[in-house]
Amino acid sequence: MKKSITLWALILCLVFSAASQKKKKQATPTPKATVASFTSKMTRHDGFFNFFSDEKQGKIYLLIENLGQEFLYVNSLAAGVGSNDIGLDRGQLGNERVVRFERHGNKVLMIQPNQGYRAVSDNYDEVKSVAEAFASSAIGGFTIKMEDGNNLLVDITDFLLRDSHGISQRLKRTQQGSYSLDKTRSAVYLPATFNFPKNTEFESILTFRGVAQGAWIRSVAPSSDAITVRTHHSLIELPDDNYEPREFDPRSGFISMSYQDYATPIEDALVKRLIIRHRLQKKDPSAARSEPVEPIIYYLDRGAPEPIRSALIDGAKWWNQAFEAAGFINAFRVEVMPEGAHPLDVRYNIIQWVHRSTRGWSYGSSVVDPRTGEILKGHVSLGSLRVRQDFLIAEGLLNPYESGGEVPNDMKEMALARLRQLSAHEVGHTIGLVHNFASSINNRASVMDYPHPYIKMDAQGNIDLSEAYDTNIGEWDKIAIRFGYGEFDSMDDARQVLDQAFAEGFRHISDRDARPTNGAHPVAHLWDNGTSAAEELNRMMDIRSKIISNFGDKAIREGRPMSDIENVLVPMYLFHRYQVDATAKIVGGLNYNYKVRGDEQVSTEFIPGADQVAALDALIATLKPEALRLPESLLKMIPPVAQGYSKGRENFVSKAGPAFDYFAAAETASSLPIMFLLNAHRANRLEMLKARNNDQPGLSTILNKLTSATWKSPAADAQDRALQKIVEMEYVEGLMKLYTHKDAYDDIKAMARNELVNIQKYAKARNDYYYSYAAEKIGAFLEDPGDFKGGPMIKAPDGSPIGSHQHSALCSHGY
């Protein structure tokens, strides 16, 4: 009994002890998790947005301390694909967006307000009504992980590991294949993730999985089923309110940005247009010339080797001449990038040296404050292979390898001179300027033109490269910078700078009006020289004749395959191709300016008929057999492509199997003037202008001259006659395309048909198999033109510098 009582006592003691311990545990609450405790084993990065990196889990946690504060978000491509055609290059900027974080329940949204529609007003309700009238965009959503008071911690890893740059869309659009993001092969890239007081930078490795369908992606990716790139994300503090926007003037040569301001008085324009430019202020506003409060500094990519590095720095520095003329002292500087700096860091205006598998366009882009037009970062991307193309052109011009291998210094200097001009051009875009394709008539007045090398012959008849490219900033560039960056009491004072320039004979015409296919402006052209396009074409044809007659195996070094001669021959045979573009625009052209009411510029005026006929004659001269002929001695030198080598996009196509197709070269050269002259829009314009002014030539003049110079002027020499036949059939094909073009007016169609009938009658009267075939071909077309498909136009080798003319965008210009 005593043992039983003792046992029960022990049990009760244990029960009471357990209950007591449980009570103690309940009385001591579990410590609440905090941002500090949650991130205690992570690495903290202090800066504009504080964040934490969990290296083991591959996570990034962002600390949001100021909900509602607006900032700039920019996505970009840090490591690219390496194909000019696909267009996904190292250092390529994406979009910039003003955004803010908003909390909604347990979520934080990244909201992009609509900057295109606003009310610039002190009336809160007016501002609110416009903001609510137009959609905003939520471009990110995050679940709150932790919060300390107003401080919210969110996981942004998925936001960083997404296709922010549209990689898969670009690959699909360029027909390279259907690719999708593979997150199992993607990760945050911590070596390029860093923080600064005014900007926070993240980088990610992204892998896209798919099946390659295009040759471009297969040519650059080591495994085309897995495309790995790096994307970059920048969160940037918006600048203060001390920047003063400048109103856009269409004559100024500046890039514009616009928005609709619904607080505008009824009598004023709803759409507000501003120029984009860097912030630049004088230390002494009262001084005619003053040092700046803060200079504009551009930094050159450390990956650019010498002597390229020095050439790029020298060219970019030309802009200081323009800023000096605008009243600033040492306001524009160029330096080598500091070691360890990231090219996408918003603190650095960068000139980046970009490598691709083929030569291609260079670009000048900018990060711009969408609210004001203030440029926060200039970003130049220069294609590294362009310099090699200029060196190849110099080889063709000089045929320098007399003893097999020596390299004359003027060849390298020509290539480096081109780089200086290229660097200045692309930097020009990033300080706010568009192209000026009318500057070549004013003694190379702008580096914002596209310069064809200006080649001369010396007194002894030798090729002279001494003036191939310009060596300083242009006079128009100084005018534009003075308008955009000079300090004035009023916009009227700024506009007077432009008024004075136009009174002195300067011109400014940009992209849309300079394109060759159906362009109409007589002096705004790409890759041209001279005050008269037709006179320059005639001059170039004389030089081209000298080049072709001298051309031979001395254009390549000893030890290279003889088939490489064709690579150097192509830009020499087509030496005149862009001057053909320019000259064609005079025919059916119209002279005009970006006139504003009140200035003294001509709005529109006719081009004299005699000038148009002179241009037409210059174009027809390029179709003559003597212009298309190649020396027999040269043709004997060019064998089929050597084993281990292959033809590329910069060679002539061949319809003759492995042999060098001399006729294909002639067909390429002759198709260019015919294509431009028989453009439907040009034909419509010719007749419209003739109806208004009988001095204008009209389409009938063009067709009569073309028919007389081709079909009705047969050559006696067999080789020349063979070349003529190519031109004649190109002309007939052009007439058929004009007749069936959907935009051609009925009168144009009637003229094209009538000329085909005339050629058919002429051919029927000839007792020859070729003429019989031509008559039958025209007859079949006239019987059923609706069935006409047209033969495929032979593709000219890529040239300017590669691919088509279509490359420019609002803030991404280049060549």
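Calculate the length of the line joining the C-alpha centroid of region 140-160 to that of region 493-529, in whole Å.
52
Calculate the spin-label point distance for N694 paired with L385, positioning each point 7 Å from the Cα along the beta-carbon direction, and give it in nanometres.
The modelled label-to-label distance comes out at 5.6 nm.
Mind ranking W216, W476 by accessible surface for me, highest first, 1.4 Å probe? Walk me through the intermediate numbers first.
Details: W216 95, W476 10 Å².
These residues rank, largest area first, as W216, W476.
Just want the answer: with Cβ charges of +1 for Lys and Arg and -1 for Asp and Glu, which residue in S713, F660, V727 is farthest toward the dipole's positive end in region 641-749?
V727
Quick one: if you stick a label point 7 Å off each Cα along the C-beta vector at N443 and T34, how many nm between them?
Rounded to a tenth, the inter-label distance reads 7.3 nm.
Report the net charge of residues surrounding R289, where surrounding means a beta-carbon distance below 10 angstrom and charges are Lys +1, Arg +1, Asp -1, Glu -1. Intermediate results must be reported in sequence, preceding the final value.
Numbers: positive: K282; negative: D284, E291, E324.
Here the count lands on -2.
Could you check how much of the accessible area of region 242-283 is carbon and sulfur, as a whole percent, using a 1.4 Å probe?
Details: 930 of 2120 Å².
On region 242-283, the fraction of accessible area on carbon and sulfur atoms equals 44 percent.
What FRET efficiency comes out for D158 versus N66 if R0 is 22 angstrom and r is the Cβ-Cβ distance? Round to the nearest 0.05. Spell out each step's value before the answer.
Working: r = 23 Å, r/R0 = 1.03.
The computed FRET efficiency comes out at 0.45.
Evaluate E = 1/(1 + (r/R0)^6) for Q496 and D268, where r is the Cβ-Cβ distance and R0 equals 22 Å; express this FRET efficiency to the nearest 0.05.
Values: r = 22 Å, r/R0 = 1.00.
Approximately 0.50, to the nearest 0.05.
Using the Cβ atoms and a cut-off under 9 Å, what net charge is assigned to the surroundings of I455, where Lys and Arg are +1 and Asp and Glu are -1? List each step's numbers first, then the result.
Numbers: positive: K456; negative: D464, E467.
Taking every other residue near I455 into account, the sum is -1.
Based on the Kirkwood radius over alpha-carbon pairs, what value in µm²/s does the Stokes-Einstein equation return for the translational diffusion coefficient of the chain at 25 °C and 0.890 mPa s?
Numbers: Rh = 30.7 Å.
Estimated diffusion coefficient is 80 µm²/s.
Given the protein chains as shown and a 1.4 Å probe, how many square angstrom of Y262 are accessible, to the nearest 10?
Solvent-accessible area, nearest 10 Å²: 90 Å².
If you place +1 on the Cβ of every Lys and Arg, -1 on the Cβ of every Asp and Glu, and leave all else neutral, what size is the dipole of region 671-805 about its Cα centre, to the nearest 20 Debye? Could the numbers behind the result be given before it?
Numbers: 18 positive and 17 negative charges, 41 e Å.
With Lys and Arg at +1 and Asp and Glu at -1, about 200 debye.
Working out 0.36 nm times the residue gap between S310 and A621, then minus their Cα-Cα distance, what length gain in nm do you get to one decimal? List each step's numbers first, then the result.
On the way: separation 311, 0.36 × 311 = 111.96 nm, distance 4.26 nm.
In short, 107.7 nm is gained.
Please give me, ordered by residue number, the GluC sites (Glu not before Pro) of region 458-543 that lie in loop per DSSP and have at most 14 other Cβ atoms within 10 Å. Intermediate results must be reported in sequence, preceding the final value.
Numbers: sites: E467, E475, E487, E504, E535, E536; in loops: E467, E487, E504.
For GluC sites (Glu not before Pro) across region 458-543 that sit outside H, G, I, E and B with at most 14 neighbouring Cβ atoms in 10 Å, the list reads E467, E504.
Roughly what angle does helix 533-550 make with the longest principal axis of the chain, taking Cα atoms, 0 to 90 degrees, to the nearest 10?
Result, in degrees: 80.
Taking only DSSP H segments of four or more residues, each worth -39500 (n - 2.57), what value at 222 nm results for the chain once the sum is divided by all its residues, to the nearest 500 deg cm²/dmol?
Details: 24 runs with 287 residues, N = 815.
Computed ellipticity for the chain at 222 nm equals -11000 deg cm²/dmol.
Quick one: putting +1 on the C-beta of Lys and Arg, -1 on the C-beta of Asp and Glu, what dipole do you get for the chain around its Cα centre, in Debye to the nearest 20? Present the calculation step by step, with values, prior to reporting the outcome.
Numbers: 94 positive and 101 negative charges, 774 e Å.
Dipole of the chain, to the nearest 20 debye: 3720 debye.
Using the heavy atoms of the protein chains and a 1.4 angstrom probe, tell me the accessible area per residue for the chain in square angstrom. Before the final figure, lay out each step's value.
Numbers: 36550 Å² over 815 residues.
Using a 1.4 Å probe on heavy atoms only, each residue of the chain averages 45 Å².
Can you give me the angle between helix 491-503 and the longest principal axis of the chain, using Cα atoms only, in degrees from 0 to 90, rounded to the nearest 10?
It is inclined by approximately 20 degrees.
Can you compute 3J(HN,Hα) from phi for each residue in region 99-111, using the Karplus curve 6.51 cos²θ - 1.76 cosθ + 1.60 with θ = phi - 60°, rounded to whole Hz and x for Gly and Pro?
The phi angles translate into 9, 8, 9, 10, 9, 9, x, 8, 10, 10, 10, 8, 9 Hz.
Using a 1.4 Å probe over the heavy atoms of the protein chains, calculate the carbon and sulfur portion of the accessible area of region 54-173 as a whole percent. All intermediate terms of the calculation are to be shown ahead of the outcome.
Numbers: 2360 of 5680 Å².
Carbon and sulfur together cover 41 percent of it.
Within region 34-65, what residues put their amide N at less than 20 Å from the label point 7 Å along the Cα-to-Cβ vector of E147?
It comes to 34-39, 50-52, 61-65, nothing else.
To the nearest 10 degrees, how steep is helix 680-692 against the longest Cα principal axis of the chain, on a 0 to 90 scale?
60
Starting from 0 in steps of 10 Å, tell me what percent of the Cα-Cα pairs of region 602-655 lands in each bin.
Spelled out bin by bin, region 602-655 gives 16, 27, 23, 17, 12, 5 percent.
Normalised by the residues of region 307-421, what does the relative contact order come to in percent, with Cα pairs under 8 Å and at least six apart? Working shown, then result.
On the way: 130 pairs, mean separation 30.0, N = 115.
Across region 307-421, relative contact order equals 26 percent.
Which listed residue (S37, I167, F506) has the Cα farthest towards the positive end of the charge dipole for the chain, taking +1 on Lys and Arg C-beta and -1 on Asp and Glu C-beta about the Cα centre?
Of the candidates, S37 comes out farthest on the positive side.
For R495, what accessible surface area do you get with a 1.4 Å probe? Give it in Å², rounded to 10.
Rounded to the nearest 10, the figure is 60 Å².
In whole angstrom, note down how far apart the Cα centers of region 54-113 and region 318-354 are.
If you average the Cα positions of each part, the centres end up 25 Å apart.
In whole percent, and with a 1.4 Å probe on the protein chains, what portion of the accessible area of region 495-628 is carbon and sulfur? Could the numbers behind the result be given before it?
On the way: 2360 of 4980 Å².
On region 495-628, the fraction of accessible area on carbon and sulfur atoms equals 47 percent.
Run the quick spin-label model on Q460 and H355: label points 7 Å from Cα toward the beta carbon, then report their separation in nm to one decimal.
Going by the 7 Å Cα→Cβ label model, 4.1 nm.
Just the number, please: percent antiparallel of the DSSP beta bridges in region 226-383, rounded to the nearest 5.
On the way: 13 of 29 bridges.
So the antiparallel bridges in region 226-383 amount to around 45 percent.
Among DSSP beta bridges whose residues both lie in the chain, state the antiparallel percentage, nearest 5.
Working: 80 of 99 bridges.
So the antiparallel bridges in the chain amount to around 80 percent.
Could you point to the residue in V154, S219, Q421 farthest towards the positive end of the chain's charge dipole, with +1 and -1 charges on the Cβ of Lys/Arg and Asp/Glu respectively?
Final value for the positive-end residue is V154.
By how many nm would the segment from D241 to E600 lengthen if fully extended, with 0.36 nm per residue of separation less the alpha-carbon distance? The partial results should precede the final answer.
Values: separation 359, 0.36 × 359 = 129.24 nm, distance 3.64 nm.
Result: 125.6 nm gained on full extension.
How high is the relative contact order of region 527-637, given as a whole-number percent (alpha carbon pairs under 8 Å, six or more residues apart)? Before the final figure, lay out the partial values.
Details: 99 pairs, mean separation 36.2, N = 111.
Across region 527-637, relative contact order equals 33 percent.
Across every pair of different alpha-carbon atoms, what Kirkwood hydrodynamic radius in Å does region 329-425 reach? All intermediate terms of the calculation are to be shown ahead of the outcome.
Numbers: mean 1/r = 0.0625 Å⁻¹.
So the Kirkwood estimate lands at 16.0 Å.
State the Cα centre-to-centre distance between region 660-699 and region 372-402 in whole Å.
32
Given 0.36 nm per residue, what is the gain on full extension from K41 to D720 after removing their alpha carbon distance, in nm? Could the numbers behind the result be given before it?
Details: separation 679, 0.36 × 679 = 244.44 nm, distance 8.27 nm.
Stretched out fully, the K41 to D720 stretch lengthens by 236.2 nm.
From Cα pairs below 8 angstrom and at least 6 apart in sequence, can you work out the relative contact order of region 151-272, rounded to a whole percent?
Numbers: 159 pairs, mean separation 23.5, N = 122.
With pairs under 8 Å counted, the relative contact order is 19 percent.
Taking a probe of 1.4 angstrom, what is the accessible area of M448 in Å², to the nearest 10?
0
For region 177-222, what is the charge dipole size about the Cα centre, in debye to the nearest 20, if Lys and Arg each add +1 at the Cβ and Asp and Glu each add -1 at the Cβ? If you can, show how the numbers build up before the last one.
On the way: 5 positive and 3 negative charges, 26 e Å.
Value, rounded to 20: 120 debye.
Calculated FRET efficiency, N472 and A133, Cβ-Cβ r, R0 56 Å, to nearest 0.05?
After rounding, the FRET efficiency stands at 0.65.
Could you sort 571-577, 480-486 so that the peptide with the highest average Cβ count within 10 Å comes first and the rest follow in order?
Working: 571-577: 21.1, 480-486: 24.9.
Sorting 571-577, 480-486 by mean packing, highest first, produces 480-486, 571-577.
Within a Cβ distance under 11 Å of R560, other residues only, what is the Lys/Arg minus Asp/Glu net charge?
Values: positive: R557; negative: E395, D553, E558, D564.
Neighbour charge sum, excluding R560 itself: -3.
How do 70-83, 153-166 rank on mean C-beta neighbours within 10 Å, highest first?
Averaged packing, sorted descending, gives the order 70-83, 153-166.
The values are calculated or read from the model by the stated rules, or taken from the named source; none is laboratory data. Since the structure is predicted, the reported quantities are computational estimates derived from the model, not experimental observations. Quick reminder, even Gly has a Cβ in these numbers, built from the backbone with ideal geometry, and neighbours come from all protein chains shown. Just so you know, the surface numbers come from the protein's heavy atoms only, side chains and all, with ligands and any DNA or RNA stripped out. Shrake-Rupley method; radii C 1.70, N 1.55, O 1.52, S 1.80 Å.
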